[in-house]
Protein chains: 2
Amino acid sequence: MVYELYYWPGIQGRGEYVRLALEDAGAAYVDVALVPEDKGGGVPAMERLLTDTGVERPAFAPPFLRTGRRLIGQTANILLFLGGRLDLAPRDWPGRLWTHQLQLTISDFLVEIHDTHHPVSANLYYEQQKLAARRRAKDFRDNRLPKFLEYFERVLTRNSGGGPGMVGKRISYVDLSMAQVIAGLHYAFPVASRKALRTRPRLRALHDLVFARPHIRRYLASNRRLAFNNDDIFRHYPELDG
Amino acid sequence: MVYELYYWPGIQGRGEYVRLALEDAGAAYVDVALVPEDKGGGVPAMERLLTDTGVERPAFAPPFLRTGRRLIGQTANILLFLGGRLDLAPRDWPGRLWTHQLQLTISDFLVEIHDTHHPVSANLYYEQQKLAARRRAKDFRDNRLPKFLEYFERVLTRNSGGGPGMVGKRISYVDLSMAQVIAGLHYAFPVASRKALRTRPRLRALHDLVFARPHIRRYLASNRRLAFNNDDIFRHYPELDG
């Protein structure tokens, strides 16, 4: 079973949360948009699945995953689907829903992170919305960033499963996502995130633990892992870091 | 089994998507924040579950649902949980995931609808962010609103299950949510939404069908249904309607 992942080339974006799960599990997958067009890949292959009238259950936007005849969209939904198959989620249904609930909260967090640099429109350049971005980023640093991190630190503290992650005994896909968010915050908001993480030792430890996992290390050392960059969700603009 | 729904009083908000499912199914539920404080309800009862250290799996924010010993947060996740129990979702797992995927796309749509009037911060008044709101609302009307409606109309068109909704033969919770979104758009953006819906007959028909369902009619005629108002996600500011 080779999974086909469809996502924009050139950025980590939301596709990265799916990649981290596939990589950690050592699953076979193809990043279809990176395959040459004359071999059936590239962005046109992705766009076909978004627009072709023959697709009964089209995704609204990338990322989406194809496996067999199934096409699954929405990052958190893809991870809900993969969690059990990749052994990166609890086996019980309440545990699955709880892991998914946390992933959805990460999705919300990501929208707010993205909108610090694009509060007016994703169709405009950052330079066209700098003033609103400064105001939104200030609110993010002062209110939203601490609120989200406080919440996830609390979840880590209260995990009665005895594991180092947020759910149960073992690392699950939501821990991989959380570590990626922390890495992204370090890139985008080095000052604000260092300050906010000072009092969240469990989140710092989770970040280090995830990025020390052998398969994740191998992935980071590969050419499959893109660097953070300013076309992505996490962008470093010093003026937004306060 | 009486479900306990926890959500802010005075607005429909995200709690409304859960209410519509419970009401349509004729399920027994209590809106806990509306119960008097001296009877164990009110906002303090809700805030206890958000902050008490004894809660192992706390929600990040309302709405959340309590049933037995379980506490479930994130609107779409609550509906994923309830869908099968209330017979408002397909029985097969691929159908469940697809319904949920659509609900997550509605969640994304709702964030963008909300942010038309609060592009800078939910902690500031609308009056403090009117300029950015005008720009964001223009982008919403010109680009995002048509894109989302076009997508959902396409999903309705392609449903091979033969039903009037987005999934399978019968109405599911995501159809109830979609009808509520259309009603909200009519309130908030009467001009722009009328224009955008002109070419989406299936969405218009779905809205009418859902609001004609006996249990939904009964709910709308009850004092449990709040009116749309300008403290809510959908707000009517004529200057944002273009």
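Computed from the coordinates by the stated procedures, all read-outs in this text should not be read as laboratory data. Predicted model, so just to flag it, every value in this text is computed and none were measured. All Cβ positions, glycine included, derive from the backbone under ideal geometry; neighbour counts span all protein chains shown.
Some notes on this structure:
- Between copies, A:V30 shows label-point distances of 5.6 nm, shortest first, with the point placed 7 angstrom from Cα along Cα to C-beta.
- If you bin all the Cα-Cα distances of the stretch A:1-138 at 5 Å, starting from zero, the percentages per bin are 2, 9, 16, 19, 18, 15, 11, 7, 3, 0.
- About its Cα centre, chain A has a charge dipole of approximately 840 debye under the convention of +1 per Lys or Arg Cβ and -1 per Asp or Glu Cβ, with nothing else charged.
- Exam field: A:E127 pseudo-label spacings to other copies (7 Å along Cα-Cβ), nanometres: 3.6
- 3J(HN,Hα) along the stretch B:34-39, derived from phi through the Karplus expression 6.51 cos²θ - 1.76 cosθ + 1.60 where θ = phi - 60°, amounts to 8, 6, x, 4, 6, 10 Hz, with x in place of Gly and Pro.
- Over the protein assembly as shown, dividing the summed -39,500 (n - 2.57) contributions of all DSSP H runs of at least 4 residues by the number of residues returns a 222 nm mean residue ellipticity of -16000 deg cm²/dmol.
- Dipole size of the stretch B:118-217 about its Cα centre, with +1 on Lys/Arg Cβ and -1 on Asp/Glu Cβ: approximately 240 debye, rounded to the nearest 20.
- In the stretch B:136-242, trypsin sites (Lys or Arg not before Pro) in a DSSP loop with at most 15 other beta-carbon atoms within 10 Å: B:K169, B:R170, B:R198, B:R224, B:R225
- Computed magnitude of the charge dipole of the stretch B:172-241 (debye, nearest 20; Cβ of K, R +1, Cβ of D, E -1): 360
- As a ratio to 2.2 N^0.38 Å, the alpha-carbon radius of gyration computed for the protein assembly as shown takes the value 0.94.
- Fraction of beta bridges assigned by DSSP in the protein assembly as shown that are antiparallel (%, nearest 5): 70
- Taking only the Cα atoms of the stretch B:72-182, the ratio Rg/Rh comes out at 1.06, with Rh defined as the Kirkwood radius.
- Cα Rg over Rh - chain A, Kirkwood: 0.96
- Amide H to amide H, with H built 1.01 Å from N, A:F64 comes under 5 Å of A:Y6, counting only residues 5 or more places away or on other chains.
- Set A:K130/B:K195; A:K147/B:K138; A:K147/A:K195; B:K147/B:K195; A:K130/B:K130 screened for pairs whose C-alpha atoms are more than 21 Å apart: A:K130/B:K195; A:K147/B:K138
- Annotation for A:V30 and B:M1: the two label points, set 7 Å from Cα along the Cα-Cβ direction, are 4.3 nm apart.
- Each copy carries a label point for B:H186 at 7 Å from Cα along the beta-carbon vector; from one copy to the others these points are 5.2 nm apart, nearest first.
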